[in-house]
């Protein structure tokens, strides 16, 4: 018998932009429970994005370009491990895209976090940057291993 589906906590939209995705981004940027600091970082990054246009639209487009649609999962069959390509659920797709963008921004040294986050969002919006590269690598892995797709469970 399957276990019951967990009831997930619905996240509130952020106060300034009214977007749940921006709230999730704030939570991904947050370290050691310092949410006000994370909010300040994200809002300063969005202020920098205002020069390019609507920051929420740019962010959502960047997220779409950085989020993977397929990934590979390891599956053990007959003593061998196979990398089996699987489609990514929408919730996981969103969380992977956010995580990769924030990790890419954190990996940029020598700049304040709000500048590197704005730069990474802008790069993803243009279809470049570390998060988009990671997505393309993931897609390439799935394409290379599509012969094992019949092992999907």
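Per 10 Å bin, what is the whole-percent P(r) computed from every C-alpha pair distance within region 20-151?
13, 40, 27, 14, 6, 0
Of 148, 46, how do they rank once you tally other Cβ atoms within 10 Å and put the fewest first? Mind dumping the intermediate values first?
On the way: 148 15, 46 22.
Ranking 148, 46 by Cβ neighbours within 10 Å, fewest first, gives 148, 46.
Before anything else, pin down the relative contact order of the chain: Cα pairs under 8 Å, at least 6 apart, normalised by residue count, whole percent.
On the way: 193 pairs, mean separation 38.6, N = 153.
Reported as a whole number, the value is 25 percent.
Sort 74, 19, 69 so the one with the fewest other Cβ atoms within 10 Å of its own Cβ comes first. Walk me through the numbers on the way to the answer.
Working: 74 8, 19 15, 69 12.
Placing the least packed residue first, the sequence is 74, 69, 19.
Taking the 0 to 90 degree range and rounding to the nearest ten, how far is the long axis of helix 90-107 tilted relative to the main principal axis of the chain, both from C-alpha atoms?
Helix 90-107 sits roughly 60 degrees off the main axis of the chain.
Can you tell me which of 50-63, 120-133 comes out highest on packing, and rank the rest after it, using the mean Cβ neighbours within 10 Å? Mind dumping the intermediate values first?
Working: 50-63: 16.7, 120-133: 20.8.
Highest to lowest by the protection proxy: 120-133, 50-63.
Could you line up 96, 49, 117 from fewest to most neighbouring Cβ atoms inside 10 Å?
Details: 96 19, 49 22, 117 27.
So the residues, fewest neighbours to most, are 96, 49, 117.
Each reported figure results from applying straightforward, stated rules to the coordinates on display, with no laboratory input. Everything quoted here is computed from the prediction, not taken from an experiment. Cβ atoms come from the backbone with ideal geometry, glycine included; neighbour counts cover every protein chain shown.
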